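The values are calculated or read from the model by the stated rules, or taken from the named source; none is laboratory data. Since the model is a prediction, treat every value here as computed from it, not as a measurement. All Cβ positions, glycine included, derive from the backbone under ideal geometry; neighbour counts span all protein chains shown.
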Amino acid sequence: MKIYDRPGFPNPSRIRIVLSEKGLDDQVEFVGVDLIGAEHKQAPFLAINPSGKIPVLELDDGTLISESTAITEYLDHLDGHPVLTGRTPREKAVIHMMQNRAEAELMGAVDGYFHYATPGLGPAMQPYVAPEWAGRKEWGERQRERAVRGMTYFDGVLKTQPFVAGDAFSMADITVFASLDFAGAAGIPIPDACKSLMAWREKISNLPSVKNRTGRDFLPEDLKRFGL
Ligand SMILES: N[C@@H](CCC(=O)N[C@@H](CS)C(=O)NCC(=O)O)C(=O)O
């Protein structure tokens with residue numbers, strides 16, 4: 001299997017955690033995609049994923065699977081013992097629901113803020129981000145507010161249960177965790193009042209699959225291009 005991605009970026013991070021959780025790291029060849037240089041918006045990569053996004057999984061028979069949720073489901077079912085996407089109809093449904101909420105209300109909101117209200121991935125990406133329109137920055141700022149509301153929502157969820165979708169660690173936790181990392185990097189801290197979310201984040205960051213995943217940090221060359 002091949003995975004097209006870039007170390008340190010949030011959705012690739014989701015898959016790196018899944019690979020680590022499932023013990024699949026050594027079965028994957030990683031192919032780096034230069035997001036800051038807008039490689040993912042050029043024809044060769046668009047032939048791999050017409051959405052122009054990473055990660056993408058390529059199977060040995062050439063099948064291309066994009067969308068982190070779909071990749072997670074594939075990897076989780078590969079050994080016949082899914083642990084991240086649910087086993088019973090009820091578990092599957094609740095995980096799917098919470099996963100979608102995390103993607104829309106956190107990952108998507110932070111992404112909107114990052115790309116529209118900040119310089120985002122930089123000059124090479126600007127032409128692909130959004131046409132110049134008067135309300136662009138304001139819309140981006142609204143996404144920041146939405147992300148904070150998302151954090152408050154998940155804080156409430158985690159007050160009453162140990163994990164995002166109930167009693168067990170799942171793909172929904174991975175998405176919330178990666179989104180919070182993204183939020184931190186984009187300059188949206190968790191509100192002080194969200195104590196349960198903070199405690200949960202600390203707990204998740206210490207799970208072996210999260211702590212020991214490959215490619216958890218940005219490449220030094222990318223940090224330099226971000227001016228960090
Ligand atoms: N829905 C996609 C989103 C993937 C995504 O947004 N990936 C980011 C990297 S974390 C990306 O490729 N961003 C570049 C861009 O939007 O141009 C998924 O779940 O995999």
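Within region 75-93, can one find any residue that is under 19 Å from the mean Cα position of the chain (by Cα), within 15 Å of the ligand (Cβ to nearest atom) and not in a helix (DSSP H, G or I)? Yes, region 75-93 contains at least one residue that is under 19 Å from the mean Cα position of the chain (by Cα), within 15 Å of the ligand (Cβ to nearest atom) and not in a helix (DSSP H, G or I). Does A70 count as out of contact with any helix residue (DSSP H, G or I) (no Cβ under 8 Å at 6 or more places or on another chain) and modelled with pLDDT of 95 or more? Here the answer is yes, as A70 does meet what is asked.
From the list H77, H81, H96, the lone residue that is farther than 22 Å from D34 by Cα and crowded, with 17+ Cβ neighbours inside 10 Å is H96. If you go through region 33-62 and keep only what is without any contact (Cβ under 8 Å) to a residue 40 or more places away in the chain and touching a strand residue (DSSP E or B) at 6+ places or on another chain (Cβ under 8 Å), you end up with V33, S51. Listed by first and then second residue, the pairs linking a residue in region 123-143 that is in the same structural domain as I188 (by TED's automatic domain parsing) to a residue that is surrounded by 11 or more Cβ atoms within 10 Å (Cβ to Cβ) and aromatic (F, W, Y), with Cβ atoms under 6 Å apart and 6 or more places separating them unless they lie on different chains, are R136/Y116; W139/Y116; G140/Y113; G140/Y116; Q143/Y113. So, of the residues in region 31-68 that are surrounded by fewer than 19 Cβ atoms within 10 Å (Cβ to Cβ) and in a helix (DSSP H, G or I), which turns out to be nearest to the ligand (Cβ to nearest atom)? Once the filter is applied, the top-ranked residue is K41.
Consider K159 carefully, then state whether it is more than 18 Å from G108 (Cβ to Cβ), assigned by TED's automatic domain parsing to the domain that holds T175, of a type outside the set (S, T, N, Q) and assigned to a helix (DSSP H, G or I). Spelling it out, K159 is indeed more than 18 Å from G108 (Cβ to Cβ), assigned by TED's automatic domain parsing to the domain that holds T175, of a type outside the set (S, T, N, Q) and assigned to a helix (DSSP H, G or I). Taking L180 as the residue in question, decide whether it is assigned to a helix (DSSP H, G or I), surrounded by 21 or more Cβ atoms within 10 Å (Cβ to Cβ) and more than 16 Å from the ligand (Cβ to nearest atom). Criteria not met by L180.
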